[in-house]
Amino acid sequence: MLTELEWRKREMRRKDREISDFDEMIEVIKKCDVCRVAMQGEEYPYVVPLNFGIETDGIQVVLYFHGALEGKKYELLAKNNKVCFEMDCGHTLYTDMEQGNCTMCYESVIGFGVMEEVPEEEKLEALDILMEHYPVPAGFRYNEAVVPRTRLLRLRVKEMTGKRRGK
């Protein structure tokens, strides 16, 4: 079982912007609609934006993603399944007319973990978790013909940090 302190292994330069409370980081994640996942590429890092769902038991965070059966991310993950993720929201440009400068207000969470494929028998449960994150119309049902052609991934988060710049 991880403690809150273990979530924040990496030092943040701007302590005044750090979100150190676990529940606050989860609230930021819930506001985001895209998660960018970075993998070790051949010559350069490879980043892909993904729709996601979140599951947490109060200390462990698991993110779920879906995609086609084949693709670059699966090839890279087969070689190295350690990933970095980033998500952000609340973007507002803030200008200080008197000082003559501007900045961007935002909230973000960055973390690291291990990605794995969701077994076939857990796919529907993982899809349900993913769909809970988005406003889905009442009565929506999965197309049974599409589910077998969908690959699901699970990211078990090992550490994460949050950051907020507001005005």
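The values are calculated or read from the model by the stated rules, or taken from the named source; none is laboratory data. This one's a predicted model, so the numbers in the text were calculated from it and none came from an experiment. Ideal geometry is used to build each Cβ from the backbone, glycine not excepted, and the neighbour counts take in all protein chains shown.
Which of the residues that make up the range 18-50 are in contact (Cβ under 8 Å) with a residue 40 or more places away in the chain, in contact with a helix residue (DSSP H, G or I) (Cβ under 7 Å, 6 or more places away or on another chain) and more than 13 Å from M115 (Cβ to Cβ)? Of everything in the range 18-50, just one residue is in contact (Cβ under 8 Å) with a residue 40 or more places away in the chain, in contact with a helix residue (DSSP H, G or I) (Cβ under 7 Å, 6 or more places away or on another chain) and more than 13 Å from M115 (Cβ to Cβ), namely I19.
With respect to the conditions (1) under 20 Å from the mean Cα position of the chain (by Cα); (2) farther than 29 Å from Y44 by Cα; (3) without any contact (Cβ under 8 Å) to a residue 24 or more places away in the chain; (4) surrounded by 11 or more Cβ atoms within 10 Å (Cβ to Cβ), P135 lacks only one, and its number is (4). Is it fair to say E75 is of a type in the set (D, E), over 23 Å from G58 (Cβ atoms) and surrounded by 13 or more Cβ atoms within 10 Å (Cβ to Cβ)? So E75 fits the description; yes. Scan the range 90-123 for residues that are farther than 30 Å from R151 by Cα and exposed (fewer than 14 other Cβ atoms within 10 Å of the Cβ) and the total you get is 15.
Taken over the range 57-88, the criterion of being modelled with pLDDT of 95 or more and either closer than 14 Å to K30 by Cα or among the β-branched types (V, I, T) (or both) is satisfied by V61, V62, L63, Y64, V83, E86, M87, D88.
Determine, yes or no, whether G139 is assigned to a loop (DSSP other than H, G, I, E, B) and farther than 17 Å from E55 by Cα.
yes
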